[in-house]
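The structure under discussion appears below in the form of structure tokens.
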Amino acid sequence: MPVTVKTFTSTYDAAAALSSDRGARYLGGGTLVMRALNEGDISISTIVRASDHAMTRIDASGSRITLGAGVTFARILAERELGFLHAPARSIGGPAVRNMGTVGGNLFAPVPYGDFTVAMLALDAVVSLQGGLGGREIPLDEFLQTRDRQTGALVLAISFAKPGSADAFRYRKIARIKPKGGAVITLAAHLPVNGGRIVGARVALGSMAPTPIRARAAERALEGRSLDPSTINAAATAAVEGTAPSDNALASAWYRREIVGVHLRRLLSGQE
Amino acid sequence: MTRHRGRGIASVNYPIGMNLGGDPSQALVHSNPSGKFTVALSSIDLGQGMKSVTRQICAETLGVPVEDVYVDTADSDTGPHCMGSFASRGTHRVGNAVMAAAREARGVMMEAAAEELEVNAADLETDGRGNIHVRGAPHRSISTKDVAIAAQFKQGKTISGRGIFLVPLSDVDPETGEMSPATCYAHACLVAEVEVDDETGEVAMIRMDSAYELGRALNPRLVEQQLVGGAWMGVSHALYETPEPYYPEPVHGPRDFVEYLMPGPGDICPHDIAVLERPAPDGPFGAKGPGEMCANPVLPAVANAIFNAVGVRIDDLPITPEKVLRAIKAQGGARPQPRR
Amino acid sequence: MLELRKDLFADERDDNLKEIGKGTQRQDMLGHVTGTSPYFDDHKLQGMLHLKVVRSTHAHARLRRIDTSEAERSQGVRRVIRASDVPRNLNTLLSLINFGKDDEPSLAVDKVRYKGEPVVAIVADSPREAYEAIAKVKIDYEPLPAVFDVEEALKPGAPVVNEVYPKNTFTYHETYDHQQLRFGDADRALATADHVLEQRYQMSPIEHAPTETNGSIAAPDTNGRYIVYTSTQALFFSVDTCAKILDVPSNTFHFIGGTVGGGFGGKVDTLTEPLCILGAMLTGRPVRYVFGREEEMQYGPPRGAERIYIKDGVMRDGRIVARKVRAYFDSGAYTRLSSYAAVKCAAHLPGPYTIPNVYGDVYCVFTNRTPATAMRGFGVTAMDFAIECQMDKLAHLVGMDPMEFRILNAYRDGDMKAHRREAKNTALIECVQVAAEKAKWPIRDEFKRMSSRKDGGGARAAVTPTPREAHAPPAAPAQQRTAYDRAPAATREPPPPPPPPAQPPSPPPSAPSHGATRFSSVFGTRRR
Amino acid sequence: MAKTALQFQHNGRDVAIFVDGGTNLLVALRELIGDMTPKFGCGQGGCGTCSVLIDGEIHLSCLTLAETVAGRSVETLDGIKDGPNLHPLQRAFADNFAAQCGYCTPGMLTAAKALLDRNPQPSRAEVVEAISGNICRCTGYEPIINAVLAAASGGRARA
């Protein structure tokens, strides 16, 4: 049976179509769903699209930033207000993938993909969902833990507070291949400083578990301290705590555990 | 100091062609009525330049400009048999077959020209620009076009030729392995410089210097393509590639170009190449074949450079950051060797 | 950057040619930059069907039952091809030159021997419909113990991968489970060497990863023939393989190829053509069978992994006196071309060096993984890795510069090689010298003065007495020598004169046409 | 079988086709329009040889649902020439011997054009970034990078 394509103007209708049909998948940039179709995934029988402009809106005017789920990485790179997100956006794919791939789709991308979501996690982002029964907002952390059960819902947008200063947010993707490679690990840190002390430290890691996770032990090592070498070392040592990396084609779990602290130290101390 | 540089070398040779079934290839060369030649082959151009190099061999042998030759391949109805494009055999085996066919066609062409100029064919030579003239008397000349017209419409001659090249098969002695595996060998030596991060095991290529001896370089630009691309593939084999990352355990095999690792355009390093040409006695114009051996010295040169940089030997390919890091940890840290 | 060192070997070359030596533009470049070069997949035929295969989900299993009834009724399915539909469902690639036994079916019969082995083929109107039918094929597997490690596969009691070769090794010369090389007395030399170094090396499998995947399009043509557009690297190899498997005369086929999107050895195995043509025969319609990228990476044949043990004896002055090698080629579940790689590898020992005592055992081993095949540097790349890492370690061991160590041991014109042929036309020393110069790597003057053309032969041309082994047969077969290789000085008739430079010999008058001659059971055409 | 009508501009020319649900743009271009210049390399978005420009921006045609280009402009390598004249990038690729098997070349040229259309004088790093989504297995990338840089400077000289 050929695939049916359903395009809706309202996100409500799109969400209803998604939740009522187990074979329905929402088409974002195409990098996940079209690939699955090309590779013979016959579990997909319906493609759902939504043409609501809200899905592609960027609101970066205030202190809280909202990115529509359909915003592409290329658009983030074109947005000067979002300069702090240029590094994570540029780390996704090559230019073509960045013109196609979306912020919303990235939330569902399995390891070794999904690097932008690591950045979002470090920013304490909140996901806006349209379900069959209505809209809701849930913290990204919680969303990721229940991701496999979210396929029936439509992600509308993701929002987060803008970092207070340019160097409060740091991001690094460790890849074997340059400039475009799958992640061995991905690191993002948001370290707001108040009176010389870090307040509300967030460290997020990709490829250290089945979904991006927070490095809570490293966050505790940073919280309330100044970002000096001893603090950085303490955070680096704690980075591996609570992680559950797997072996995959890019690296082993052992290797990921060995280097996560090294790279967190380098990220926090500004080393190459 | 977490990053260490080191240099390593390797030198290799490589046999040209196969010792299987005589490893034959055939070629047919024929002229149309205006003196333009077609080479009919069944050989494959995989990108290595089969069509281009055989075109030059044919033009040189015929004594006509390369623009007057077109190579048509591969059609099983029109192209004669060829073993295939592998084993560094294309330039050597197919080149020899084309040369033989072109030589036969040239013989007819010169006979036809001799008849038109009313001289002995042995006294004629080609100028490589589409003319045939009496040796020492360039004004007594006829164009290959006019020769072809005369051959076709007046003399009833076919300006064409057949060629085959075959190296009779050599039996292998089951006890001693005595055999003639190849008739000529290419050679290479390569110096690799790397930088190793002793905290992560990552290896970056800094530069390569190499010398490749491949018989006659029939077309230096094609040779350069092979050597530059082949050395890149050597780096890739040394540091990145495997469809079985946990060999021999058949798990986590890559399924796409993100999981199958090959160096990207941001991973390449300068590569300075010298080409040496010691003609092979049985090669077409002395050519051997650069296609395969270009990658081979890179793998061990990189491994040896890593030892020079941090003092660990990785004897297990590919040399992943994990293997380097495990080895460095096992010996209690990097041990840079004397800088070369 | 490329520099031509015209100063070297200038006396052996005529550099005044008109077309040879010029950097002429490629004949195919205009086609490439305009996207008009015709690859196999650039032919779209009216009413074309799509073929996909059902692949084994087990590395080793008995096939208890295959139920295709639901798949046959699936929408858009034109034909389900089962093993029994393949006219001659057992082949080995080199059977065309009578090397090795038929050991591989086009579609698995009663057993699967690697994960991803084709079991059933589906021909449908669209790829989607083919995938839907694949999901409806029911295969009842009885899993069997599998073996993945070459040395494990050789142990007694190891699972038998391929019943054609019950010892899990290819059979050489109808007798031996490996190809061997014996030159001099390596054990004796090792016993008296100043240093002995034994090491293990492991090459990884490598995927060819051409940007164009393997594939073909086959279509009924006029007058009962079939036209086949193909990505093959070896046109007549594929023609003859298809003729054998499909049991029809080879001129039934009109194969067109020649412009291929990269191969590197991965397009020699005629992977898609037989089933693609069979699909066209059974449906009367054009059929396209193209590998997806995951298929290409996991079930397309890789360069096989090799495990190599080297034991060297070296003297304090840097001379290598013995090299003993044991190598295992991981052929996967079927032979394909690994059998030849092992022979090529044995001939390559001990690398480009003159070592008076060389001993080699090279095994082609079957395991339950994707069959391996040829790849750029076939049979040699891994051995060069092992040898050249070993050379670096030996130089370190005796305290020599690694460049000078290689020059010291390099083979030279007139030396005897371990496969008992005289080294000629050598140039290793010059390559090392030039590389050193380019890299500004200091070597001593005496090493700069050495030459491939000087000081070879003499004592270096001798064949060291080689002990016979207990299992040796009474006499070795006569050796076929080519016009290009001189016999060792110690043996038999005088050498033929060397050919004139840069002149290929005229073709033999009665060269055998392909497939017409009987070949020896050992290794192709035998002429005594 | 229900098909969807689709109209778009293909290399400046209006085209109309009917596609099955789920058809990707690569299949639509090759099998329905007959433009063979974009190639299939993976269907996964990993190799870039199917790259096309949609409204001037580089996209992977194999991952683009065909009907999403309705009313838009799609450019392929087939449209890069100016009549019979090669584009400066095509000339530079030839001059630099930046193709061997030629299979990645359409995608490479498309990626390079997407770059130069926006940034006529790119740095080497920018060229590397621009072609980073395209796999080449033959050349080692160096001649391709050099070709793009040469086209950039040559294009200025010719302009």
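The values are calculated or read from the model by the stated rules, or taken from the named source; none is laboratory data. It should be emphasised that the depicted structure is a prediction, and the values quoted were computed from it without experimental measurement. Note that we place each Cβ from the backbone using ideal geometry, even for glycine, and neighbour counts take in every protein chain shown.
Looking at C:Glu306, C:Glu294 in this structure, which one is surrounded by fewer than 24 Cβ atoms within 10 Å (Cβ to Cβ) and charged (D, E, K, R)? Walk me through it before giving the result.
On the way: C:Glu306 fails: surrounded by fewer than 24 Cβ atoms within 10 Å (Cβ to Cβ).
Checking each option against the conditions leaves just C:Glu294.
Out of A:Val203, A:Val240, I need the residue that is buried (at least 23 other Cβ atoms within 10 Å of the Cβ) and within 21 Å of A:Thr117 (Cα to Cα). Which one?
Step by step, each of A:Val203, A:Val240 is checked, and only A:Val203 is buried (at least 23 other Cβ atoms within 10 Å of the Cβ) and within 21 Å of A:Thr117 (Cα to Cα).
Would a scan of the stretch C:426-436 turn up a residue that is farther than 22 Å from B:Gly286 by Cα and in a loop (DSSP other than H, G, I, E, B)?
no
Among (1) touching a Phe, Trp or Tyr at 6+ places or on another chain (Cβ under 9 Å); (2) over 30 Å from A:Ile42 (Cα atoms), which single condition is C:Arg188 missing?
Among (1) touching a Phe, Trp or Tyr at 6+ places or on another chain (Cβ under 9 Å); (2) over 30 Å from A:Ile42 (Cα atoms), C:Arg188 violates only (1).
Matching residues to (1) surrounded by fewer than 20 Cβ atoms within 10 Å (Cβ to Cβ); (2) basic (Lys, Arg); (3) at pLDDT 95 or above:
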position	(1), (2), (3)
B:Arg135	yes, yes, yes
B:Thr144	no, no, yes
B:Ala148	no, no, yes
B:Gln152	yes, no, yes
B:Gly156	yes, no, yes
B:Ile159	no, no, yes
B:Gly163	no, no, yes
B:Val172	no, no, yes
B:Thr176	no, no, yes
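Assuming D:Gly133 fulfils every condition listed in (1) surrounded by 24 or more Cβ atoms within 10 Å (Cβ to Cβ); (2) assigned to a helix (DSSP H, G or I) apart from one, which condition is it?
(2)
Which one of the conditions (1) surrounded by fewer than 24 Cβ atoms within 10 Å (Cβ to Cβ); (2) out of contact with any strand residue (DSSP E or B) (no Cβ under 7 Å at 6 or more places or on another chain); (3) facing another protein chain (nearest Cβ under 9 Å) does B:Asp77 fail to meet, given that it meets all the rest?
For B:Asp77, the failing item is (2).
When the residues of the stretch C:1-42 are filtered to those that are basic (Lys, Arg) and within 14 Å of chain D (Cβ to nearest Cβ), which remaining residue is farthest from D:Asp82 (Cα to Cα)?
C:Lys22
Among the listed residues A:Glu241, A:Glu219, which satisfies the condition of being charged (D, E, K, R) and in a helix (DSSP H, G or I)? Break it down into steps so the answer makes sense when it comes.
Numbers: A:Glu241 fails: in a helix (DSSP H, G or I).
Only one candidate qualifies: A:Glu219.
Sort out which residues of the stretch C:337-352 are hydroxyl-bearing (Ser, Thr, Tyr) and at the interface with chain B (Cβ under 9 Å from one of its Cβ atoms), and write them in order of number.
C:Tyr340
Strands (runs of 3 or more DSSP E) wholly in the stretch B:155-249 with at least 3 residues that are within 14 Å of chain D (Cβ to nearest Cβ) and not small (Gly, Ala, Ser) - which ones?
Answer list for the stretch B:155-249: B:203-213.
Being in contact with a helix residue (DSSP H, G or I) (Cβ under 9 Å, 6 or more places away or on another chain), under 24 Å from B:Glu259 (Cβ atoms), facing another protein chain (nearest Cβ under 9 Å) and not β-branched (Val, Ile, Thr) narrows it down to one of D:Leu115, D:Leu86, D:Leu60, so name that one.
Just a single option satisfies the conditions, and that option is D:Leu60.
Taking the condition of being crowded, with 24+ Cβ neighbours inside 10 Å, hydroxyl-bearing (Ser, Thr, Tyr) and under 30 Å from A:Ser20 (Cβ atoms), how many residues in the stretch A:154-185 meet it?
The qualifying residues number 0.
Out of everything in the stretch B:232-269 that is among the charged types (D, E, K, R) and free of Cβ contacts under 8 Å to residues at least 12 places away in the same chain, what residue ends up being surrounded by the most Cβ atoms within 10 Å (Cβ to Cβ)?
Looking at residues that are among the charged types (D, E, K, R) and free of Cβ contacts under 8 Å to residues at least 12 places away in the same chain, I get B:Glu244.
Could you check how many residues of the stretch C:86-105 are farther than 16 Å from C:Ser338 by Cβ, touching a residue at least 40 places away in the same chain (Cβ under 8 Å) and away from every other protein chain (no Cβ under 14 Å)?
Total meeting the criteria: 4.
Just a yes or no: is a residue in the stretch C:104-118 more than 28 Å from D:Thr23 (Cα to Cα), surrounded by fewer than 22 Cβ atoms within 10 Å (Cβ to Cβ) and small (Gly, Ala, Ser)?
So far as the stretch C:104-118 goes, no, none of its residues is more than 28 Å from D:Thr23 (Cα to Cα), surrounded by fewer than 22 Cβ atoms within 10 Å (Cβ to Cβ) and small (Gly, Ala, Ser).
Restricting to the stretch C:419-467, what's the tally of residues that are among the basic types (Lys, Arg) and facing chain B (nearest Cβ under 8 Å)?
Filtering the stretch C:419-467 for residues among the basic types (Lys, Arg) gives C:420-421, C:424, C:438, C:440, C:444, C:448-449, C:453-454, C:460.
If we keep only those that are facing chain B (nearest Cβ under 8 Å) as well, we get C:420-421, C:424, C:438.
Result for the stretch C:419-467: 4.
If I filter the stretch A:18-41 for residues that are away from chain D (no Cβ under 12 Å), buried (at least 17 other Cβ atoms within 10 Å of the Cβ) and over 15 Å from D:Leu65 (Cβ atoms), do I get at least one hit?
yes
Give, as residue ranges, the strands (runs of 3 or more DSSP E) completely inside the stretch C:217-303 that count at least 3 residues that are away from chain B (no Cβ under 13 Å) and modelled with pLDDT of 95 or more. Lay out the reasoning, then the answer.
Numbers: elements: C:226-230, C:253-256, C:287-290.
Hits in the stretch C:217-303: C:287-290.
Scan the stretch C:50-63 and tell me whether some residue there is of a type outside the set (D, E, K, R), in a loop (DSSP other than H, G, I, E, B), under 30 Å from D:Gly34 (Cα atoms) and modelled with pLDDT of 95 or more.
Looking for residues that are of a type outside the set (D, E, K, R), in a loop (DSSP other than H, G, I, E, B), under 30 Å from D:Gly34 (Cα atoms) and modelled with pLDDT of 95 or more, one finds none in the stretch C:50-63, hence no.
Out of the helices (runs of 4 or more DSSP H) lying entirely within the stretch A:56-132, which hold 3 or more residues that are more than 14 Å from chain D (Cβ to nearest Cβ)? Quick ask: steps written out before the conclusion?
Details: elements: A:73-77, A:86-90, A:95-100, A:103-106, A:115-122.
Fully inside the stretch A:56-132 and qualifying: A:115-122.
When you check C:Gly360 against the structure, is it surrounded by fewer than 24 Cβ atoms within 10 Å (Cβ to Cβ), more than 19 Å from B:Asp315 (Cα to Cα) and of a type outside the set (Ser, Thr, Tyr), yes or no?
Details: surrounded by fewer than 24 Cβ atoms within 10 Å (Cβ to Cβ): no; more than 19 Å from B:Asp315 (Cα to Cα): yes; of a type outside the set (Ser, Thr, Tyr): yes.
It is false that C:Gly360 is surrounded by fewer than 24 Cβ atoms within 10 Å (Cβ to Cβ), more than 19 Å from B:Asp315 (Cα to Cα) and of a type outside the set (Ser, Thr, Tyr).
Of everything in the stretch B:196-216, what is in contact with a strand residue (DSSP E or B) (Cβ under 6 Å, 6 or more places away or on another chain), under 22 Å from A:Ala236 (Cα atoms) and surrounded by fewer than 24 Cβ atoms within 10 Å (Cβ to Cβ)? Give them in sequence order.
Residue satisfying the conditions is B:Asp197 alone.
Please go through (1) assigned by TED's automatic domain parsing to the domain that holds B:Val134; (2) crowded, with 24+ Cβ neighbours inside 10 Å for B:Pro65 and return the number of the only condition it doesn't satisfy.
Every condition holds for B:Pro65 apart from (2).
Just to be sure before I move on: is D:Leu77 within 7 Å of another protein chain (Cβ to nearest Cβ), over 29 Å from B:Glu292 (Cα atoms) and touching a helix residue (DSSP H, G or I) at 6+ places or on another chain (Cβ under 6 Å) in the structure I sent? Even if it seems obvious, please write down each step before you answer.
Details: within 7 Å of another protein chain (Cβ to nearest Cβ): yes; over 29 Å from B:Glu292 (Cα atoms): yes; touching a helix residue (DSSP H, G or I) at 6+ places or on another chain (Cβ under 6 Å): yes.
When the stated conditions are applied, D:Leu77 passes them.
Quick one: which residue in D:Val27, D:Val128, D:Val52 is among the β-branched types (Val, Ile, Thr), free of Cβ contacts under 8 Å to residues at least 24 places away in the same chain and not in a loop (DSSP other than H, G, I, E, B)?
Checking each option against the conditions leaves just D:Val128.
If you check every pair at least six apart or on different chains, which have Cβ atoms under 8 Å apart with a residue in the stretch B:270-299 that is facing another protein chain (nearest Cβ under 7 Å) first and a residue that is aromatic (Phe, Trp, Tyr) and surrounded by fewer than 24 Cβ atoms within 10 Å (Cβ to Cβ) second?
From the stretch B:270-299, the pairs are B:Leu276/C:Phe9; B:Glu277/C:Phe9; B:Arg278/C:Phe9; B:Pro279/C:Phe9; B:Pro281/C:Tyr484; B:Asp282/C:Tyr484.
Kindly evaluate B:Arg255 against the criterion of being in a helix (DSSP H, G or I), modelled with pLDDT of 95 or more and within 7 Å of another protein chain (Cβ to nearest Cβ).
no
What residue, among those in the stretch D:61-75 that are in contact (Cβ under 8 Å) with a residue 40 or more places away in the chain and within 15 Å of the chain's Cα centre (by Cα), is surrounded by the fewest Cβ atoms within 10 Å (Cβ to Cβ)?
Among those that are in contact (Cβ under 8 Å) with a residue 40 or more places away in the chain and within 15 Å of the chain's Cα centre (by Cα), it is D:Ser73.
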